[in-house]
Amino acid sequence: MNLFNVYPINSVEIIKASGSSVWDTNGTEYLDMYGGHAVISIGHTHPHYVKRITAQLSQIGFYSNSVEIPLQQQLANKLGEISGKSNYQLFLCNSGAEANENALKLASFYNNRKKIIAFKGAFHGRTSLAVAATDNPKIIAPVNETKNVIFLPFNDEEALFQVFADQGNEISSVIVEGIQGVGGIHVASKEFLRKIRSLCDTFNAVYIADSVQCGYGRSGKFYSHDYAGVDADIYTMAKGMGNGFPIGAISITPKIKPWHGMLGTTFGGNHLACAAALAVLEVIDNENLLLNAEKTGGYLMEELKKFKQVKAVRGLGLMIGIELPEELSHVKKDLLFKHHIFTGEAKPNIIRLLPALNLTQEKADSFLDSFSKTVLQ
Ligand SMILES: Cc1ncc(COP(=O)(O)O)c(C=O)c1O
């Protein structure tokens, strides 16, 4: 049986990892500035994480949501505390797409409406509603096509205002990434997020903060939307939440009331996933990783902006986009194969940095050193 060939892959096999380093089959060490696509939040194989998951697995790994699982409440308590939203409600699932799917559905249940506002350049996942709200026709299958999604330019307050003025009573939700990831690292302006908040308030629409990539401390605040100083109604999260263990969630405003059967999942919130997520939050808390993301990310951005060859540097904390001119399109491959550094990409010629939130200053400098060699060669 062959694998269904959907991923363009690099010819590297990783067999060992620790912190921000990974090793291939030849024992070559790589610096991981990609965090396995923004997933590795507390560093690979963090000892507290390994210990907590191992201990949990030797007790019980899974039972269904038909019984009490106190770990879920412990996770809700810790997440509420660290995110500063203790009064919100937690629903656990397994991935980012699933989190967004549930959020969009929940909004529709709440206000009994169908229309969704999403933005150009957005990526929200590959399940049916999430993909319909994703600005990439190539990955929307005919069965997922819907007229219920309205795409507007990102950061355009006027366009948003106009749509609400015309059809505000039909809008169920606005879904927005605090920092567009796949779209090329574009930060939502504070004014734009505040406008979403106020229009959603006026028209009883639901503000969904897709924090799957930009959330969980990556931006230097727990949710990058927090920079705007307003609360969203639903925060969706996944990637960094389990440091590689598949888990997603939505954090839901108290004004949306649950009823039995409204949402559901087989795997979501299982013992092992909760243990992984708790371990991540404990490390984020104990090691002050939000501050490190802000500091080390800020340092990286400042240094990167000094390169005249770089067209633009965008982002917040440890979610950084480096836009390069056409003639430097070799940089990403050179970083990997000549300097043994993993980075991500968004569109051709935008390098995405999404390292672990405990990236050290020393590793940041090592990246800058290699980056300067590839850019100046
Ligand atoms: C902003 C955003 N939302 C949703 C998703 C989908 O997450 P998943 O791949 O876990 O379904 C992604 C994945 O890259 C993402 O970046």
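The values are calculated or read from the model by the stated rules, or taken from the named source; none is laboratory data. A quick note: this is a predicted structure, and the numbers were derived from the prediction, not measured. Counting neighbours? That spans all protein chains shown, and the Cβs are built from the backbone with ideal geometry, glycine included.
On the given criteria, is GLU13 more than 25 Å from the chain's Cα centre (by Cα) and among the charged types (D, E, K, R)? Show your work before the answer.
Working: more than 25 Å from the chain's Cα centre (by Cα): no; among the charged types (D, E, K, R): yes.
Taking the combined requirement at face value, the residue does not satisfy it.
Between a first residue in segment 297-323 that is among the small types (Gly, Ala, Ser) and a second residue that is modelled with pLDDT under 95 and surrounded by 17 or more Cβ atoms within 10 Å (Cβ to Cβ), which pairs have beta carbons less than 8 Å apart while being 6 or more apart in sequence or on different chains?
GLY321/ALA346
Going through ALA99, ALA55, ALA107 one at a time, which residue ends up being on the phi < 0 side of the Ramachandran plot, within 16 Å of the chain's Cα centre (by Cα) and of a type in the set (A, V, I, L, M, F, W, C)?
Details: ALA55 fails: within 16 Å of the chain's Cα centre (by Cα); ALA107 fails: within 16 Å of the chain's Cα centre (by Cα).
Going through ALA99, ALA55, ALA107 in turn, the sole match is ALA99.
With within 15 Å of the ligand (Cβ to nearest atom) and over 28 Å from ALA17 (Cα atoms) as the only criterion, which of ALA312, ALA249, ALA232, ALA276 stands out? Step through it out loud before you land on a result.
Working: ALA312 fails: within 15 Å of the ligand (Cβ to nearest atom); ALA249 fails: over 28 Å from ALA17 (Cα atoms); ALA276 fails: over 28 Å from ALA17 (Cα atoms).
Among ALA312, ALA249, ALA232, ALA276, only ALA232 is within 15 Å of the ligand (Cβ to nearest atom) and over 28 Å from ALA17 (Cα atoms).
Quick one: would you say GLY27 is outside the structural domain of PHE123 (by TED's automatic domain parsing) and free of Cβ contacts under 8 Å to residues at least 12 places away in the same chain?
Judged against the criteria, GLY27 is a match.
For the condition more than 24 Å from THR28 (Cβ to Cβ), at pLDDT 95 or above and over 16 Å from the mean Cα position of the chain (by Cα), what is the one hit in LYS363, LYS311, LYS332?
Of LYS363, LYS311, LYS332, the one residue that is more than 24 Å from THR28 (Cβ to Cβ), at pLDDT 95 or above and over 16 Å from the mean Cα position of the chain (by Cα) is LYS311.
Would you check if there is a residue in segment 76-90 being at positive phi and in the same structural domain as ASP210 (by TED's automatic domain parsing)?
Yes: segment 76-90 contains one or more residues that are at positive phi and in the same structural domain as ASP210 (by TED's automatic domain parsing).
Quick one: which residue in PHE203, PHE245, PHE222 is within 13 Å of the chain's Cα centre (by Cα) and surrounded by fewer than 24 Cβ atoms within 10 Å (Cβ to Cβ)?
Matching residue, one of PHE203, PHE245, PHE222: PHE222.
Go through segment 85-189 and tell me which helices (runs of 4 or more DSSP H), entirely inside it, have 3 or more residues that are closer than 30 Å to ALA312 by Cα, more than 10 Å from the ligand (Cβ to nearest atom) and of a type outside the set (Lys, Arg).
157-167
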